[in-house]
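Chemist: Provided herewith is a single structure, encoded as structure tokens, for subsequent inquiry.
Taken together, the values in this text are just the output of simple stated rules run on the coordinates, not laboratory data. Computed from a prediction, not measured in an experiment: that's the story for all the values here. Cβ coordinates were reconstructed from backbone atoms using ideal geometry, including for glycine residues, and neighbour counts include every protein chain displayed.
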Amino acid sequence: MTPTVATFSPLWWQTSGVTVAFTILMLIAIRFLKPEQRAIYATLLGWLLISWMVVPPVAHALAGLWNVSYGLPLQWCDFTGGIAGLAILTRRQLFFEVSLFWGIAGAASALLTPQFTQGTSWFYLMEFYVSHSILLTAPFFLSIYENMRPRTWSWLGALGWLNAVSLPIGAFDYAVDANYMFLFRAPNADNPLYKIDWPYYLIGFEAGCLVVFALIYLPFWYVKRETSRADLWTSGGIPVR
């Protein structure tokens, strides 16, 4: 059985709690960087996120532990990290939206209910928490410091893209008896959505993603609405309720 950490246990606070606190402090610290320093930081963060897809499989291979069933970067947070890195480096709108919804939802779920699919040696524990920290950092950095915003229906589009990606990964899982994205076996993390038998937990997962993506978009929708009202007011228009 894959090792986990019980949510809100003392160990959870020492690991996930510290990781979230570190992420918040890192985002605050970026505010004090000069523009040229911020550009260097963004480049390093982008490449670090992309390297996340490569380093763990290479480390497994060098240790002689690589296996096709768990050694490829096909878990949700793995390939989301690569997309987040591309978002940082290219500022492409679609990459930003995917990293926003997939990254926040995936990293939050992983940190709330940690499950160590690649092992619990010091390297993989460090990789787990650092990688999920920077996965959270990327979309917040682009939103706060680069003024990128999701489009109106992007939260629903992100769910559509997630389902589209899950189809070939599910086919690969079936072909090699793997469980990337937990499409055939629920994780044993302390999450009520995963206490249901297959395939019904996938329905709960789908509904959960829909709700979480909508909640992530909600602050952007609210700010956009209030900004539109302010623009109408200053231009002499009448806000439409």
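Chemist: By average Cβ neighbour count within 10 Å, what is the ranking of 172-178, 108-114 from highest down?
Modeler: Averaged packing, sorted descending, gives the order 108-114, 172-178.
Chemist: So between Trp198 and Phe8, what do we pick up on full extension, going 0.36 nm a residue minus the alpha carbon distance?
Modeler: Going from the current span to full extension adds 65.7 nm.
Chemist: I'd like the distance separating the alpha-carbon centroids of the range 112-188 and the range 8-86, in whole Å.
Modeler: 11
Chemist: Pop out the ³J(HN,Hα) list for the range 142-157 in order, Karplus 6.51 cos²θ - 1.76 cosθ + 1.60 with θ = phi - 60°, rounded to Hz; leave Gly and Pro as x.
Modeler: Once θ is set to phi - 60°, the couplings for the range 142-157 become 5, 6, 7, 9, 10, 6, 7, 10, x, 6, 4, 9, 5, 5, 6, x Hz.
Chemist: Right, something else. If packing is taken as the mean number of other Cβ atoms within 10 Å per residue, what is the order of 145-151, 33-39, highest first?
Modeler: So the peptides 145-151, 33-39, ranked by packing, come out 145-151, 33-39.
Chemist: Over the chain, what is the mean sequence separation of C-alpha contacts under 8 Å (at least six apart), divided by residue count, expressed as relative contact order in percent?
Modeler: Computed over the chain, the figure is 23 percent.
Chemist: Compare Leu100, Leu62, Leu215 in a GNM of the chain, Cα atoms joined below 10 Å, and give the one with the largest fluctuation.
Modeler: Its mean-square fluctuation being the largest, the pick is Leu62.
Chemist: Here's another thing I want to ask about it. Calculated from DSSP H runs of 4 or more alone, at -39500 (n - 2.57) each and per residue, what is the 222 nm mean residue ellipticity of the chain, nearest 500?
Modeler: Result for the chain: -22000 deg cm²/dmol, rounded to the nearest 500.
Chemist: Angle between the Cα long axis of helix 76-90 and the longest principal axis of the chain, 0 to 90 degrees, nearest 10?
Modeler: Taking the Cα atoms of the chain, the angle to 76-90 is about 40 degrees.
Chemist: Taking the Cβ of Val165 as the centre, find all other residues whose Cβ is under 13 Å away and add up their charges (Lys, Arg: +1; Asp, Glu: -1).
Modeler: -2
Chemist: Is the shape of the range 1-119 best called rounded, prolate or oblate, per the rule: a/c under 1.5 gives rounded, else a/b larger than b/c gives prolate, else oblate, with a ≥ b ≥ c the square roots of the Cα gyration tensor eigenvalues?
Modeler: oblate
Chemist: Remind me, relative contact order of the range 104-222 in percent, using alpha carbon pairs under 8 angstrom and six or more residues apart?
Modeler: 29
Chemist: Something else: Which of the three applies to the range 69-183, rounded, prolate or oblate, going by the alpha-carbon gyration tensor with a ≥ b ≥ c and a/c under 1.5 meaning rounded?
Modeler: The shape class here is oblate.
Chemist: Most fluctuating residue of Leu48, Leu167, Leu27 in a GNM of the chain with Cα springs under 10 Å: which is it?
Modeler: Its mean-square fluctuation being the largest, the pick is Leu167.
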